[in-house]
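No lab work stands behind these numbers, since they all come straight from the coordinates. These numbers come from a predicted model, not from an experiment. Cβ sites come from the backbone with ideal geometry, for glycine too, and all protein chains shown count toward neighbours.
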Amino acid sequence: MIIAKINGKLCATDGICTHAYAELSNGFLNEEEKTVTCPLHLSAFNLESGVPRNPPAEAPLKTYQVKEEADGVHVLLE
């Protein structure tokens, strides 16, 4: 799972590229574009929606509700 704060908003997504196994935590975060880019395949995913912006990935990342409270960050895992 990836949890990132983008322009003051927390986002949480699965942490594995949907194209082929690659850990997105080793990828590249772009706060301006609100994306994380796969370090192996270079597909960029929108961190708010999970939607890939370019191939080779076609399937979106699963996203999760997340909030920050006084006792920490909480992610709703169905």
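Remarks
- The Ser49 and Val73 beta-carbon pair, evaluated with R₀ = 22 Å, returns a calculated FRET efficiency of approximately 0.65.
- Across every direction, the projection of the convex hull enclosing the Cα atoms of the chain has a mean area of 5.0 nm².
- Protection proxy ranking, highest mean first, for peptides 61-72, 32-43: 32-43, 61-72, where packing is the per-residue count of other beta-carbon atoms within 10 Å, averaged.
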